[in-house]
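Before any comments, here is the structure.
The values are calculated or read from the model by the stated rules, or taken from the named source; none is laboratory data. A quick note: this is a predicted structure, and the numbers were derived from the prediction, not measured. We place every Cβ from the backbone using ideal geometry, glycine too, and count neighbours over all the protein chains shown.
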Amino acid sequence: MILTDKEILLNMEKGLIKVEPFDLSQLGTNSYDVHLGKTLATYNDEILDAKSHNKITTFEIPPEGYVLTPSRFYLGVTLEYTETLAHVPFLEGKSSVGRLGIDIHATAGKGDVGFCNHWTLEISVKQPVRVYAGMPIGQLIYFLVSGDVNNYYNKKPSAKYNEKKTIPVESMMFKNKF
């Protein structure tokens, strides 16, 4: 089941959901709109290696915006810091963003119970499009969890994305054993 606006607010009051900064006008019927942070990143190498630490270069989006191109893959970040301590958060693109040909995640739209951070966005575009820091980029949807949780993401020693960052974070696949 998906939380409604009233349930999201109730769970915020209980401290089970946190969104900073929070703006009531961004709360929809059953989601919360999040915005593109000021920092983007691109990988330094053309060929990425899943067993290696692929380095990125970060840069700020200028006030006049930045043109994303189909030939590049970008990492972005949400302006909002979130904590979800009792629900499964899903990040989906806004329809207006999708209609501009912008995909905000390649595979990682689901968060885990206990995720406490800014969301790194995996951005690709179908044609060149100018984006701006602070523009609406996605929406968080919260799902109820059935049963007790033993392994909260923010308490897992093996969690690779617990370090709080306001900039995009590159893949940590290389930390896996394979």
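Numerical summary
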| read-out | value |
| --- | --- |
| Inter-residue pairs, beta-carbon under 9 Å, first among the charged types (D, E, K, R) and in the stretch 55-74, second not in a strand (DSSP E or B), 6+ apart | Lys55/Asn44; Lys55/Asp45; Lys55/Glu170; Glu60/Lys38; Glu60/Ala133; Glu64/Tyr132 |
| Evaluation of Lys155 against (1) surrounded by 18 or more Cβ atoms within 10 Å (Cβ to Cβ); (2) over 20 Å from Val34 (Cα atoms) (one fails), failing number | (1) |
| Residue in the stretch 167-174 that is touching a Leu at 6+ places or on another chain (Cβ under 6 Å) and either within 28 Å of Asn30 (Cβ to Cβ) or in a strand (DSSP E or B) (or both) present | yes |
| Tally, over the stretch 1-19, of residues that are part of a strand (DSSP E or B) and either without any contact (Cβ under 8 Å) to a residue 24 or more places away in the chain or in contact with a Cys (Cβ under 6 Å, 6 or more places away or on another chain) (or both) | 0 |
| Residues satisfying the stated conditions in the stretch 59-68, i.e. assigned to a loop (DSSP other than H, G, I, E, B) and of a type outside the set (A, V, I, L, M) | Pro62, Pro63, Glu64, Gly65 |
| Sole residue being of a type in the set (A, V, I, L, M) and closer than 16 Å to Tyr132 by Cβ, chosen from Leu48, Leu9, Leu16, Leu36 | Leu36 |
| Hits in the stretch 83-114 (condition: of a type outside the set (D, E, K, R), at pLDDT below 90 and in contact with a Pro (Cβ under 9 Å, 6 or more places away or on another chain)) | Gly111 |
| Qualifying position, being within 29 Å of Phe174 (Cα to Cα), of a type outside the set (Phe, Trp, Tyr) and in contact with a helix residue (DSSP H, G or I) (Cβ under 9 Å, 6 or more places away or on another chain), among His53, His118, His105 | His53 |
| Selection from the stretch 141-166 of residues that are part of a loop (DSSP other than H, G, I, E, B) and of a type in the set (Phe, Trp, Tyr) | Tyr152, Tyr161 |
| Residue check for Leu75: among the aliphatic types (A, V, I, L, M), surrounded by 21 or more Cβ atoms within 10 Å (Cβ to Cβ) and outside any loop (DSSP other than H, G, I, E, B) | no |
| Restricting the stretch 20-58 to residues that are among the β-branched types (Val, Ile, Thr) and in a loop (DSSP other than H, G, I, E, B), the residue that is surrounded by the fewest Cβ atoms within 10 Å (Cβ to Cβ) | Ile47 |
| Matching residues in the stretch 119-161 - criterion: being in contact with a Lys or Arg (Cβ under 8 Å, 6 or more places away or on another chain) and within 25 Å of Asp49 (Cα to Cα) | Lys160 |
| Matching option when the condition is under 16 Å from the mean Cα position of the chain (by Cα) and among the charged types (D, E, K, R), among Lys38, Lys14, Lys6, Lys55 | Lys38 |
| Val67 vs. criteria in contact with a strand residue (DSSP E or B) (Cβ under 7 Å, 6 or more places away or on another chain) and over 30 Å from Phe178 (Cβ atoms) | yes |
